[in-house]
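Here's the structure we're looking at; comments come further down.
Derivation of every value follows stated rules applied to the coordinates shown; laboratory data play no part. Nothing here was measured: the structure is a model prediction, and the numbers come from that model. A quick note on method: Cβ atoms are made from the backbone with ideal geometry, for glycine too, and the neighbour counts reach across all protein chains shown.
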Amino acid sequence: MLMENKAENKAVFDEESAKEVVKELRDSFVTGKTKSYRWRVTQLKAMLKMLDENEPQIVAALRDDLSKPEFESSLYEIQMLKNSCRLALKEMNHWMMPEKAKTSLTTFPSSAEIISEPLGVVFVISAWNYPFLLSLDPVVGAISAGNAIVLKPSEMAPASSSLLAKLVADYLDCSCIKVVEGAVPETSALLEQKWDKILYTGNGKVARIVMAAAAKHLTPVVLELGGKSPVIVDSDINLKVATRRIIVGKWGCNNGQACISPDYIITTKDYATKLVDSFKCELERFYGKDPLESKDLSRIVNSNHFDRLSKLMDEEKVSSKIVHGGQRNEKDLQIAPTILLDVPVNSLIMKEEIFGPLLPIITVDKVEQSFDLIHSSGGKPLAAYLFTNNKKLKRKFVETVSAGGLVVNDTAVHLAIHSLPFGGVGESGMGSYHGKFSFDAFSHKKAVLYRGFAGDAFLRYPPYTPGKLTLL
Ligand code: NAD
């Protein structure tokens, strides 16, 4: 929704507009409408209907914004969202039930429970790479928890943003759920308002702006960020399966433009050539001899990101390390799956999150040294992956690597497991969502203790005579 500025004949959304939106939603929230189980069910069913009836339009918008292959749009955006809606519809009744809590002798006789209550009016700011999933998945959680919601999709995926605005207005209750389209000015105007929770998905720089704005109102935040997610490849593996699973997590997820995309590989010097050969073989099988012609790879989102990725590839000490791929087409914003072997650890490509189709391989003498390399990079990534059959290595990986999530012998698939929380740690974010964790992210856990008038122990009342404490 955007406000019409008649004088200049262009749409503006300023602080006044933001204030009005939040007031309207707060007025709706205080009526108690969103709290009812019935309202929550109706909205989730409406979202399912919206996804069912508009799949071709969603696929087309994602094609416009990213040339996203239909298979990826259907599976990772639409199907995953439907699964979230279905899970919430099935489990929400149970999630909403007060949870019995134990009491102690101090309050005997008494009983206690924890009630999940909606937080109020919440703000979801989403990113461009999975514009439907990253916008609507948090909304599913916020609806199931009974909140009113403003969603601000990313302006970098404009076709998806405008379709989201239209569909949400057409299918969902617009007195409680609104989409505001726009970029920095609109988001800034909204961030000035008082929210009961903000869930932000995007980069760490903007996350700091979001957190600073939230601090003014003591608003809690969930920050879904990124980082350099490493993949350790041991030699004790099924090479073909490992290669395919890395490929699909990297290039099969938006051509590397995914937050949990493998960012770089660490393997041993002895094994690197075998691994590179396997990548070459499987990449050609998946994307053909000329991957720029493949319809199964997304393009780079815009020319800024194309230039950023080109700069990473063209750095002098890096460009000679390309062992596969490297082709690009500036006009169509395409970059082929590209593998670089033995890039220096102080190169640009190893300093920032790649977020694109480039995959550097770093080599070590012994696979155990991978852990030191990850630790010495300082940051805690959003995901870390290990391929091995070696039990000792698996144990060391799980015990020592700190990341949002870990996967052994696959990449990225943990995202689809609703019983696992999805979120980062340290620089890769704070808080989590998915499944019941989404419901919890948008709920306040209210502690309630019930007492009668019996069992009124005199010990707690003054006068505090000597020895009273020892009787307690
Ligand atoms: P983006 O450019 O779409 O920005 C995200 C949101 O921030 C947008 O809605 C945008 O309008 C808003 N924004 C941008 N600048 C702002 C400002 N100055 N003030 C207020 N709001 C502002 O997305 P991006 O940041 O390029 O996304 C890529 C990053 O996000 C990567 O680091 C990636 O790893 C991370 N990411 C994380 C997840 C996750 O679930 N953890 C998912 C996708 C992407």
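General observations
- Label-point separation in nm, residue 248 to residue 322, each point 7 Å along Cα→Cβ: 2.8
- Fewest-first ranking of 395, 451, using other Cβ atoms within 10 Å as the exposure measure: 395, 451
- Cross-link table 23/100; 45/436; 240/392; 49/436; 49/250, entries beyond 24 Å C-alpha to C-alpha: 23/100; 49/250
- For the chain, DSSP calls about 40 percent of its internal beta bridges antiparallel.
- With Cα atoms, 0 to 90° folded angle of helix 37-53 axis to the chain main axis: 20
- Computed lengthening from residue 108 to residue 166, 0.36 nm per intervening residue step minus Cα-Cα distance: 15.3 nm
- Helix 133-144 and the long axis of the chain differ in direction by around 20°, with both axes built from C-alpha atoms.
- Sites residue 451 and residue 377, calculated FRET efficiency, Cβ-Cβ separation with R0 45 Å, nearest 0.05: 0.25
- The charge dipole of the chain, taken about the Cα centre with unit charges on the Cβ atoms of Lys, Arg (+1) and Asp, Glu (-1), comes to about 1620 debye, rounded to the nearest 20.
- The order of the peptides 78-87, 304-313 by mean Cβ neighbours within 10 Å, most packed first, is 78-87, 304-313.
- Here the gap between residue 217 and residue 311, fully extended at 0.36 nm per residue and compared with their Cα-Cα distance, gives a gain of 29.8 nm.
- DSSP beta bridge pairing in the stretch 72-173, given as percent antiparallel to the nearest 5: 40
- Protection proxy ranking, highest mean first, for peptides 454-465, 40-51: 40-51, 454-465, where packing is the per-residue count of other beta-carbon atoms within 10 Å, averaged.
- The aspartates and glutamates whose alpha-carbon is closer than 12 Å to the alpha-carbon of residue 321, local same-chain residues fewer than 8 away aside, are 342.
- Here the relative contact order of the stretch 1-151, from alpha carbon pairs under 8 Å that lie six or more residues apart, stands at 27 percent.
- Residues 442, 437 in ascending order of nearby Cβ atoms (within 10 Å, fewest first): 437, 442.
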